[in-house]
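Engineer: First, the structure itself, so that you have it in front of you.
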Amino acid sequence: MSATDRIYLFDTTLRDGEQSPGVSLNVEEKLDIAHQLARLGVDIIEAGFPIASQGDFAAVQAIARAVKGPVIAGLCRANREDIDRTWEAIKDAETPRIHTFLATSPIHLKYKLKKSREEVLVQAVEAVKYAKRFCHDVEFSAEDASRSDLEFLARVTESVIAAGATVVNLPDTVGYGIPDEFGLFIKTLMSRVKNVDQAIISVHCHDDLGLAVANSMAGIMNGARQVECAVNGIGERAGNAALEEIIMALYTRYDLLKKTTAINHAEIYRTSRLVSSLTGMQVQPNKAIVGKNAFAHESGIHQDGMLKERTTYEIMSPELIGVSQSQLVLGKHSGRHAFKEHMESLGYILNDDELEKAFAGFKTIADKKKQVTNDDLEALVKDKIYAIPERFSLDYLHVVSGSTVLPTATVRLKIEGKVFDAAATGDGPVEAACRAVDRITDLYGKMLDYKLSAVGGGKDALGEVVSRIQIGGKVYAGRGLSTDIIEASVKSYVNAINKHYYELQQRE
Ligand code: KIV
Ligand code: ZN
């Protein structure tokens with residue numbers, strides 16, 4: 001393998017991805033995602049935009065200190081104050097990177113920056129030189145590159161490389177490119193920059209026309225060696241290029257592309273599920289690679305072909321990306337040791353405290369279900385291990401509902417060891433129960449989004465509810481798990497309230 005065959009995967013789920021409307025992750029959630037991205041084997045994690053808020057700074061710093069393996073990048077505008085703040089946040093990382101950006105397109109120069117080309121060129125070079133005082137690895141992004149004048153962009157690229165940029169990123173910021181055109185743009189630009197061999201050229205494509213992955217692939221096929229993307233394609237507006245799609249396109253079409261990555265493919269599905277449940281951004285069923293239907297064959301002809309030879313209709317196997325096929329795993333008589341070993345085989349190395357929590361959760365589920373499946377265990381880990389401290393916990397729930405009665409709920413919450421009861425009615429049992437919760441917490445959340453799904457199959461399947469709740473002007477993703485779907489709903493509501501309360505505490 002030559003150096004140019006290796007593609008560097010730059011994950012921006014925690015920065016551009018977190019800019020998705022209505023997504024807000026707390027520090028713990030960002031850390032959990034960053035650790036999972038490291039297990040997945042991405043090369044660079046863009047952990048956030050430290051100057052954007054105190055919370056962003058804290059998350060980037062926590063990730064820089066705790067996550068080993070990938071390069072940890074922090075974003076900043078091209079000015080000293082931003083760069084100082086980013087360096088402060090990332091300086092403890094094993095391998096830090098300052099990522100500074102400045103727009104280069106005529107439209108941004110005229111209306112947003114109100115600067116001339118010469119001024120922008122000088123600012124870009126100064127920013128890179130200033131960042132280099134702190135950090136060897138400096139990435140420069142020419143925002144809105146795809147709508148920039150090619151000659152000017154080539155001058156900027158050459159100048160920032162001469163100033164020490166190790167990576168130059170050429171984003172299709174507004175998702176305007178068309179694959180052939182974008183590929184040619186990368187190729188032409190590279191041919192016009194004399195010192196291009198001294199840096200890595202990167203692409204960062206948005207999905208406004210649904211072409212982000214296609215454009216990223218065109219960029220790679222024309223010389224880009226770093227690709228910026230986000231898990232499940234989340235990000236500003238229509239999102240970023242989807243990480244999992246790029247990985248699997250590179251892997252499946254190695255015959256054509258001859259490019260490799262350092263990805264551990266078996267972690268793809270788990271990463272997608274984790275990001276979806278912590279952000280509350282659902283994955284559409286027909287989404288490539290990680291959608292529920294991505295490996296489902298419906299038509300008789302296809303099923304027949306699959307039975308005869310899988311490759312008739314399957315270009316990649318679900319096992320490769322970590323979709324587990326084996327179902328029965330543990331039952332209520334399984335002991336702690338078997339449980340621990342099994343979790344390890346699924347890739348979860350639990351410390352004593354995590355094992356304790358997960359095992360207790362497993363016993364509760366095993367008491368209600370005869371067979372506990374891998375899907376149940378994965379859901380359990382998300383519920384117990386990736387949990388923030390709970391101020392409010394659901395202690396008791398009683399609902400009366402039916403076609404001819406007014407839905408009524410009685411709820412008991414535990415708050416710091418004390419119990420509080422309330423009852424309420426509603427249009428349905430979930431609304432009644434949430435209203436009862438409101439009476440106790442005095443926090444009146446608004447449910448913006450609600451999704452109930454069955455974990456695995458069968459009538460005794462666990463119900464998993466992911467909701468998005470607006471509290472005090474902010475939106476929180478809540479998650480709840482139970483064999484009882486009303487209980488799962490209330491747990492997801494209480495989970496969002498706990499996140500709100502936790503954030504207030506952190507701010508204090
Ligand atoms: O889309 C974009 O141009 C960006 C840059 C900040 C890299 O997100
Ligand atoms: Zn972007």
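The values are calculated or read from the model by the stated rules, or taken from the named source; none is laboratory data. The shown structure was predicted, so the numbers you read here are calculated from the model rather than taken from an experiment. Because the Cβ atoms are built from the backbone with ideal geometry, glycine has one as well, and the counts that use them run over all protein chains shown. Just so you know, the surface numbers come from the protein's heavy atoms only, side chains and all, with ligands and any DNA or RNA stripped out. Shrake-Rupley method; radii C 1.70, N 1.55, O 1.52, S 1.80 Å.
Engineer: Which members of region 130-158 meet the condition of being more than 16 Å from ligand 2 (Cβ to nearest atom), over 17 Å from T188 (Cα atoms) and free of Cβ contacts under 8 Å to residues at least 60 places away in the same chain? Don't jump to the end; show me each part of the working.
Structural biologist: Kept after step one, since they are more than 16 Å from ligand 2 (Cβ to nearest atom), are these residues of region 130-158: 130-138, 149-158.
Subsequent filtering for residues that are over 17 Å from T188 (Cα atoms) retains 130-138.
Residues satisfying the conditions are Y130, A131, K132, R133, F134, C135, H136, V138.
Engineer: Applying the selection to region 66-94, what residues are β-branched (V, I, T) and in a strand (DSSP E or B)? Show your work before the answer.
Structural biologist: Going through region 66-94, the residues β-branched (V, I, T) turn out to be 67, 71-72, 83, 86, 90.
The answer is V71, I72.
Engineer: Quick one: would you say R237 is open to solvent by 20 Å² or more (accessible area, probe 1.4 Å), out of contact with any strand residue (DSSP E or B) (no Cβ under 6 Å at 6 or more places or on another chain) and within 16 Å of ligand 2 (Cβ to nearest atom)?
Structural biologist: On the way: open to solvent by 20 Å² or more (accessible area, probe 1.4 Å): yes; out of contact with any strand residue (DSSP E or B) (no Cβ under 6 Å at 6 or more places or on another chain): yes; within 16 Å of ligand 2 (Cβ to nearest atom): yes.
The answer is yes for R237.
Engineer: Regarding A127, is this residue touching a His at 6+ places or on another chain (Cβ under 8 Å), touching a residue at least 12 places away in the same chain (Cβ under 8 Å), of a type in the set (A, V, I, L, M, F, W, C) and buried (at least 24 other Cβ atoms within 10 Å of the Cβ)? Spell out the reasoning first.
Structural biologist: Details: touching a His at 6+ places or on another chain (Cβ under 8 Å): no; touching a residue at least 12 places away in the same chain (Cβ under 8 Å): yes; of a type in the set (A, V, I, L, M, F, W, C): yes; buried (at least 24 other Cβ atoms within 10 Å of the Cβ): yes.
No; evaluated as a whole, the condition is false for this residue.
Engineer: Being assigned to a loop (DSSP other than H, G, I, E, B), away from ligand 1 (no atom under 16 Å from the Cβ) and closer than 23 Å to Y111 by Cβ is the filter here, so list the residues in region 142-174 that pass it.
Structural biologist: Taking region 142-174 first, the residues assigned to a loop (DSSP other than H, G, I, E, B) are 144, 148-149, 163-166, 173-174.
Right, trim to away from ligand 1 (no atom under 16 Å from the Cβ) and you get 149, 163-164.
D149, the sole residue that qualifies.
Engineer: Restricting the search to region 1-17, which residues are open to solvent by 10 Å² or more (accessible area, probe 1.4 Å) and in contact (Cβ under 8 Å) with a residue 40 or more places away in the chain?
Structural biologist: To start, the set of residues in region 1-17 that are open to solvent by 10 Å² or more (accessible area, probe 1.4 Å) comprises 1-6, 8, 15.
Once the filter is applied, which keeps residues that are open to solvent by 10 Å² or more (accessible area, probe 1.4 Å) and in contact (Cβ under 8 Å) with a residue 40 or more places away in the chain, region 1-17 yields M1, T4, D5, R6, Y8, R15.
Engineer: Inspect region 119-141 for any residue being basic (K, R) and within 16 Å of ligand 1 (Cβ to nearest atom) and give the result as yes or no. Lay out the reasoning, then the answer.
Structural biologist: Kept after step one, since they are basic (K, R), are these residues of region 119-141: 129, 132-133.
Subset that is within 16 Å of ligand 1 (Cβ to nearest atom): none.
No: zero hits.
Engineer: Restricting to region 166-187, count the residues that are open to solvent by 10 Å² or more (accessible area, probe 1.4 Å), hydrophobic (A, V, I, L, M, F, W, C) and in contact with an Asp or Glu (Cβ under 8 Å, 6 or more places away or on another chain).
Structural biologist: 1
Engineer: Taking the condition within 12 Å of ligand 1 (Cβ to nearest atom), over 28 Å from the mean Cα position of the chain (by Cα) and either without any contact (Cβ under 8 Å) to a residue 60 or more places away in the chain or not assigned by TED's automatic domain parsing to the domain that holds D16 (or both), does S191 pass?
Structural biologist: Numbers: within 12 Å of ligand 1 (Cβ to nearest atom): no; over 28 Å from the mean Cα position of the chain (by Cα): yes; either without any contact (Cβ under 8 Å) to a residue 60 or more places away in the chain or not assigned by TED's automatic domain parsing to the domain that holds D16 (or both): yes.
When the stated conditions are applied, S191 does not pass them.
Engineer: When the residues of region 442-487 are narrowed to those that are surrounded by fewer than 18 Cβ atoms within 10 Å (Cβ to Cβ) and of a type in the set (K, R), which ends up nearest to Y502 (Cα to Cα)?
Structural biologist: Among those that are surrounded by fewer than 18 Cβ atoms within 10 Å (Cβ to Cβ) and of a type in the set (K, R), it is K474.
Engineer: Within the group V60, V27, which residue is away from ligand 2 (no atom under 16 Å from the Cβ) and in contact with a strand residue (DSSP E or B) (Cβ under 8 Å, 6 or more places away or on another chain)?
Structural biologist: Working: V27 fails: in contact with a strand residue (DSSP E or B) (Cβ under 8 Å, 6 or more places away or on another chain).
Within the list V60, V27, the selection yields V60.
Engineer: Could you check region 240-262 and list, in sequence order, the residues that are part of a loop (DSSP other than H, G, I, E, B) and either open to solvent by less than 20 Å² (accessible area, probe 1.4 Å) or within 16 Å of ligand 2 (Cβ to nearest atom) (or both)?
Structural biologist: Going residue by residue through region 240-262, those that are part of a loop (DSSP other than H, G, I, E, B) are 241, 253, 258-259, 261-262.
Scanning region 240-262 gives a single hit, A241.
Engineer: Please specify each residue of region 89-106 satisfying the condition of being more than 16 Å from ligand 2 (Cβ to nearest atom) and of a type in the set (A, V, I, L, M).
Structural biologist: Of everything in region 89-106, those that are more than 16 Å from ligand 2 (Cβ to nearest atom) and of a type in the set (A, V, I, L, M) turn out to be A89, I90, A93, I98.
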